[in-house]
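A quick write-up on the structure given underneath.
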Amino acid sequence: MKKILQITIFLFSIGVFACDCDPPKITEKYTQSDFVANVTIIKIYPNQKNKQSYRVDIKINELYKGDRLKSIYVYGRSDNGIGTSCDIYIPENTSLIAYASKNKEEHYGIGMCSGLLYLNKTNQKRQKRELDILKTFKSKNINFTDKISYREKAGLHEELEQFIGIDLERNYGIYEITFASDLRIKNVIEISGYQNPIDKKLIEIIKKTEWTSFDNGVEDKVPDNSKLLIGIYFYPKEKENPSFLSQYYL
């Protein structure tokens, strides 16, 4: 009975303290980050006393947004010891896309919920798509930062159902929304489309979407001319499942 109680408490503690964060879309993590780059970790420094992050020196392989930093902070333990469920350890010589945000101490930090993309032999298809999108942002000089959290009111998913079974050569389209202060959509432009008449249809659909926002306790009110990037992704047919378009970054 005592063992069962101990196991129950252990499992409960895992549930309570599990790191809970939804995987961010690439458009969200890019615009909300102050620094985005393809980096390699070249040196790790021990955590300073009572600090929950450790400093790492980086080599920038390609900079997409922000200043050319020499080091960033990682939320976790430098010795890869047991910490919180949100702690991460990144070994030296690891290459990844770092999406870093600046804190009050002017330190640029990355963590479990930053949407990091490790550049390794797994998930090659996703890596290729994300790197391609980042290169597009860089070539189009998309470098604004907006920390506001936006959510679409679920009408877009239904509108995209009309494209089930469509055949497209590209696997994503990126569009920029400009909002009025009350979240009315003032304009939608194509950043990188499908090079197909479908872009015009998608822009008209996006213009009709409705949004909510949250920013430090302020709901549904943003600075006039606030901008948001939205991706519409193409997923080809797989076995018995038809191709489709989605706003979800899978």
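The values are calculated or read from the model by the stated rules, or taken from the named source; none is laboratory data. This is a predicted model, so every value here is computed, not measured. So basically every Cβ, Gly included, is an ideal-geometry build from the backbone, and we count neighbours across all protein chains shown. Heavy atoms of the whole protein, side chains included, go into the accessibility calculation; ligands, DNA and RNA do not. Shrake-Rupley method; radii C 1.70, N 1.55, O 1.52, S 1.80 Å.
Some observations on this one:
- Pick from segment 141-183, criterion among the hydroxyl-bearing types (Ser, Thr, Tyr) and over 19 Å from the mean Cα position of the chain (by Cα), ranking: farthest from TYR194 (Cα to Cα): SER181
- Selection from segment 85-110 of residues that are part of a loop (DSSP other than H, G, I, E, B) and either of a type in the set (A, V, I, L, M, F, W, C) or under 20 Å from ASN61 (Cα atoms) (or both): CYS86, ILE88, ILE90, PRO91, GLU92, ASN93, THR94
- Filter result for ARG170 (of a type outside the set (Val, Ile, Thr), closer than 18 Å to ASP220 by Cα and in contact with a strand residue (DSSP E or B) (Cβ under 9 Å, 6 or more places away or on another chain)): no
- Residue in segment 151-158 that is open to solvent by 50 Å² or more (accessible area, probe 1.4 Å), within 30 Å of GLY217 (Cα to Cα), among the aliphatic types (A, V, I, L, M) and out of contact with any strand residue (DSSP E or B) (no Cβ under 9 Å at 6 or more places or on another chain) present: yes
- Reported count of residues in segment 153-186, each being closer than 19 Å to PHE244 by Cα and either in the same structural domain as TYR64 (by the TED database) or polar (S, T, N, Q) (or both), is 2.
- GLU130 vs. criteria open to solvent by 20 Å² or more (accessible area, probe 1.4 Å) and charged (D, E, K, R): no
- GLY193 vs. criteria of a type in the set (Gly, Ala, Ser), in the same structural domain as LEU156 (by the TED database) and open to solvent by less than 30 Å² (accessible area, probe 1.4 Å): yes
- Condition broken by ASP146, with the remaining ones in (1) open to solvent by 40 Å² or more (accessible area, probe 1.4 Å); (2) of a type in the set (D, E, K, R); (3) part of a loop (DSSP other than H, G, I, E, B) satisfied: (1)
- GLU105 meets each of the listed conditions (1) touching a residue at least 40 places away in the same chain (Cβ under 8 Å); (2) over 18 Å from the mean Cα position of the chain (by Cα); (3) in the same structural domain as SER53 (by the TED database) apart from (1).
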